[in-house]
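Below is one structure; the comments refer to it alone.
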Amino acid sequence: MSILESKWEELADVKAELAERDWFMGTSGNLAIKVNSDPVQFLVTASGKDKRKRTDEDFLLVDLFGRPVEDTHLKPSAETLLHVEVYRKTNAGCSLHVHTIDNNVISEVYGDRGEVQFQGQELIKAFNIWEEDAVLKIPIIPNYSHIPTLAKAFSEHVEGDTGAVLIRNHGITVWGRNGFEAKKILEATEFLFRYQLRLLEHKPFQLFKVV
Ligand SMILES: CSC[C@@H](O)[C@@H](O)C(=O)COP(=O)(O)O
Ligand SMILES: [Zn+2]
């Protein structure tokens, strides 16, 4: 199996698992996986598709400008430029973007602060943070409709080979060294968001707690 084929399968498997969680409502979401490093080329989901389906036209190969590498009738994801920033600035191998109700609600509740913080939560370790008192900060950026502007705001928070950025009332983009790690981070953030929203139902004053 070629590298392209094995990366295609890796991304298709991640996509199937996220679809099982129903994280691609209304054709939302896009996924990418790096195939080559020199020059950088990555597979990205084709725009506007139902990502719950597994087809031969799910992904296309693009370059570090987000342009298709080969002739194709497929259009790269509208948010390809965000994935470009991940591969331009880090050694990450996979980046994932999903819209969930809970990541949208968290982004709105904490949006004015520009970030949401977590401390004392076991699942922070999914980000390779092991200190007991460590604080995980997830930035929240405005949902600029002009994608180059959105990509620029996103890029300011892209550092290191793992990470996550919330886009207000839109969704989350995460990245990791490979499909497994990116999915782990995506699941961990969703856990933390659900936990925080449930906690606020029981302890509304927690909203004002500054870590
Ligand atoms: C159909 S609403 C979602 C889109 O506007 C966008 O945010 C999204 O996540 C999917 O766009 P796509 O171009 O299919 O990658
Ligand atoms: Zn989106």
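Tilt of helix 179-202 relative to the longest C-alpha principal axis of the chain, in degrees (0 to 90, nearest 10)? Compared with the principal axis, the helix lies near 30 degrees. Only Cα pairs within less than 10 Å get springs; with that Gaussian network setup on the chain, which residue of THR55, THR162, THR90 has the largest fluctuation? So, out of THR55, THR162, THR90, the one fluctuating most is THR55. Placing one identical point scatterer on every Cα of the chain and ignoring solvent, what is log10 I(q)/I(0) from the Debye formula at q = 0.11, 0.14, 0.15 Å⁻¹? So the normalised log intensities are -0.49, -0.79, -0.91.
Only bridges with both residues in the chain count here: give the DSSP antiparallel percent, nearest 5. Just about 95 percent of them are antiparallel.
A 1.4 Å probe, protein heavy atoms only, puts the accessible area of HIS97 near 0 Å².
Placing dummy labels 7 Å off each Cα toward the beta-carbon, the span from ILE3 to PHE180 is 2.0 nm.
Within the listed set ASN169, ASN178, ASN143, the residue fluctuating most in the Gaussian network model of the chain (springs between alpha-carbon atoms under 10 angstrom) is ASN143.
Using only the Cα atoms of segment 79-202, build the gyration tensor, take square roots of its eigenvalues as a ≥ b ≥ c, and label the shape rounded, prolate or oblate: rounded if a/c is under 1.5, else prolate if a/b is larger than b/c, else oblate. Judged from the Cα gyration tensor, segment 79-202 comes out oblate (a/c at least 1.5, b/c at or above a/b).
Simple rule: put +1 on each Lys or Arg Cβ and -1 on each Asp or Glu Cβ in the chain, find the dipole, and look at GLY93, ILE124, GLY26; the Cα lying farthest toward the positive end is GLY26.
In the chain, the longest principal axis of the Cα atoms and the axis of helix 80-89 are about 80 degrees apart.
Over segment 75-185, Cα pairs under 8 Å with separation of 6+ residues give a relative contact order of 38 percent. Charging the Cβ of each Asp and Glu at -1 and of each Lys and Arg at +1, and nothing else, the dipole of the chain about its Cα centre rounds to 440 debye. What residue among VAL109, SER2, GLY66 has its Cα farthest toward the positive end of the dipole of the chain, where the charges are +1 on Lys, Arg and -1 on Asp, Glu, each on the Cβ? Farthest along the dipole direction, towards plus: VAL109.
Taking 27 Å as the limit for the C-alpha separation, the pairs LYS53/LYS137; LYS183/LYS203; LYS15/LYS203; LYS7/LYS75 exceed it in the case of LYS53/LYS137; LYS183/LYS203; LYS15/LYS203.
Put a dot 7 Å past the Cα of THR72, heading toward its Cβ, do the same for ASN128, and the two dots end up 2.9 nm apart.
The values are calculated or read from the model by the stated rules, or taken from the named source; none is laboratory data. This structure is a prediction, so every number in the text was calculated from the model and none was measured. Note that each Cβ is placed from the backbone with ideal geometry, even for glycine, and that neighbours are counted across all protein chains shown. Surface accessibility is based on the protein's heavy atoms, side chains included, excluding ligands, DNA and RNA. Shrake-Rupley method; radii C 1.70, N 1.55, O 1.52, S 1.80 Å.
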